[in-house]
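The structure appears right after this line, and notes come after that.
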Amino acid sequence: MSAVSARSTLATVGNDRTRALQHALYRAAKADPTRRFHGLFDKVCRRDVLDRAWEDVRRNRGAAGIDRVTLATVEEYGVTRLLDELVTELRERRYRPLPARRVFIPKPGTAEQRPLSIPAVRDRIVQAAVRIVLEPIFEADMLDCSFGFRPRRSAHDALQVLIDECWQGRRWVVETDIASCFSAIPHDRLMEAVEERVCDQRVLKLLRAMLRAGVMEDGQVRRTGAGTPQGGVISPVMCNVYLHRLDREWDDRDGVLCRYADDLVVMCWSRSQAEAALERLTALLAALGLEPKAAKTRIVHLEAEGEGLDFLGFHHRLVRSPGLNGKKQVTFLARWPADKAMQHARDRIRELTRRSRLLLDPKWIVEDLNRFLGGWSAYFRFGNSAARFEKIRNYSRMRLALFISKRNRRSREFGWQVVAYQSPDQLGLITLSGIVVDPRPFRDWRARPNAAGERRR
C-alpha cells in the first residue's frame, strides 16, 4: 500500500470514529433534554477529532491570522507535528488563542462594510474541534424554526417555509434582522446558555478564552465583554446556541417564525397579528441584550401586484398566473434573485473581465466566468428565476465580447462576432437556460415530495 493510500485509509477510519462520536453525543442529548455533559475535553483533544478539524479548516481555505501562518505554511511545517503540539498544549493547559485579525469586506449591493475576524490557523483547528464535539449536543435541542448554520438544513429549507405559509393564507410578514448580532452577544449570558448543557469546566474555560481573545485592528488588540467574532469557526454555533433562547420563547400563536442565523421573518394572518408579533419579537430580543436593525425592520402585506420582500438573496412577491388556455388563475408567492443579488453578479462578472486581465487567454476568462455562474445559478435556480438568469447570461456574453474586442484592439462588433458566430458554443460559456426549478407549496425544495407527503417546517 502506498503512503498516499495509507493516509487516505487512516483519514477515512478517523472520520468514521468522529461521526460515531457525534452520533453518540446527539443521541444522548436527545434522550435526556436536561442532561449536562461532562468529560468532553478529552474528546476535543482526540487525534481523530483534531484530524477532522484540520480537514475542515483546510477545505474552507481562508487567509492567515495575525501570525501570518498560512495553510501552505502549516503543510510545510508538518500537519502531524502541529496537531501533536496542539494536543500537548491543550492537555497541559498551555494553549492560548491569539487575537483574530480584523478585516472589513464590502456588503454586496451596499456601501456598508462587514467586519470579519480571521483567527490564526492553529486557533481555527481548535475551534473546529470544539465545534465537532459541541454541535451535536446543542443540535439535539434546536427547533424547526431555525435554519442557519445547521447540519442538513439550508437557506432553501427556510425559503420553503415562506411558500408554505403564504399558500396557507399567512400574507402579513414581519421582516427584520438583528443589529450587529455577532458582535453584540454578551459573553456572560452566552456562557450561561452553554452551561445549560455543558458542565466540563475545561471546555468552558477554553470557550471563554476564545471569546476573550479579542481582535487586532490597526495594530491594537481590542477586547470587549460581548461578541463572538464573525469569521471564527465556532461563532455560528455559538450564535445559534444563544438565539435558541429566542426560538424556544416564541409562540406560534404570534405567527410562524423563520430564522436563518440573525435574519428573521414572521408569517402572520393579519396586520394586527403582525404588529403584535413585531412587538413581541422586539421584547424578546431586548431581554437577550439585542435589538432589531431599524433600517431593515418593517411589516409587509403580500398581495397580488403589491410590494414584496427580500429574504436570503431572493425577492418574494405575490403574483397571479395568467390563466391561459382555459386554466384557472392561481395566486402564488413567486421568488427570483433580488436586485442586490443581481448587482453582485454583475460586479463579479465585470471584475472577472476587467482590463487588467487582458493578457490572459480568453478560455481562462471563460473558465472563471463559468465557475462563478455555476455556483450563483446553483443557488438561485430554485425559484422563478428564468428571466433574471437570461439577463445575467446576456451580461456575461456582453462582457466577454468586450473583453475580446479590447484584447485584440478591435471593435465591439468584432468581439460579438467571435462570441456569437465563430464558436459553436460561444467559447464554452455556460448556459443558464432550462435549469430553473419553480417552488411548490408543501414540497421539498429539491422538487421531490416528502416521504410522508407532509410539509417541511
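Before moving on, here are some points about what is shown:
- Stokes-Einstein translational diffusion, the stretch 209-279 - Kirkwood Rh over all Cα pairs, 0.890 mPa s, 25 °C, in µm²/s: 168 µm²/s
- For the stretch 90-165 and the stretch 183-201, distance of Cα centres in Å: 16 Å
- Estimated distance in nm for a label pair at Gln113 and Thr331, the labels positioned 7 Å out from Cα along Cα-to-Cβ: 4.6 nm
- Peptides ranked, highest mean first, by Cβ atoms within 10 Å: ranges 218-224, 172-178, 42-48: 172-178, 42-48, 218-224
- Estimated at the nearest 10 Å², the accessible area of Glu75 is 100 Å² with a 1.4 Å probe.
- Expected 222 nm ellipticity per residue - DSSP helices of 4 or more, -39500 (n - 2.57), all of the chain, to 500: -15500 deg cm²/dmol
- Carbon-plus-sulfur accessible fraction, the chain (probe radius 1.4 Å, protein heavy atoms only): 50%.
- Close Lys-Lys pairs in the chain, where close means Cα under 17 Å and separation is 8 or more or interchain: 7
The values are calculated or read from the model by the stated rules, or taken from the named source; none is laboratory data. A quick note: this is a predicted structure, and the numbers were derived from the prediction, not measured. In this analysis, Cβ positions are derived from the backbone assuming ideal geometry, glycine residues included, and neighbour counts consider all displayed protein chains. With ligands, DNA and RNA removed, areas are computed over all heavy atoms of the protein, side chains included. Shrake-Rupley method; radii C 1.70, N 1.55, O 1.52, S 1.80 Å.
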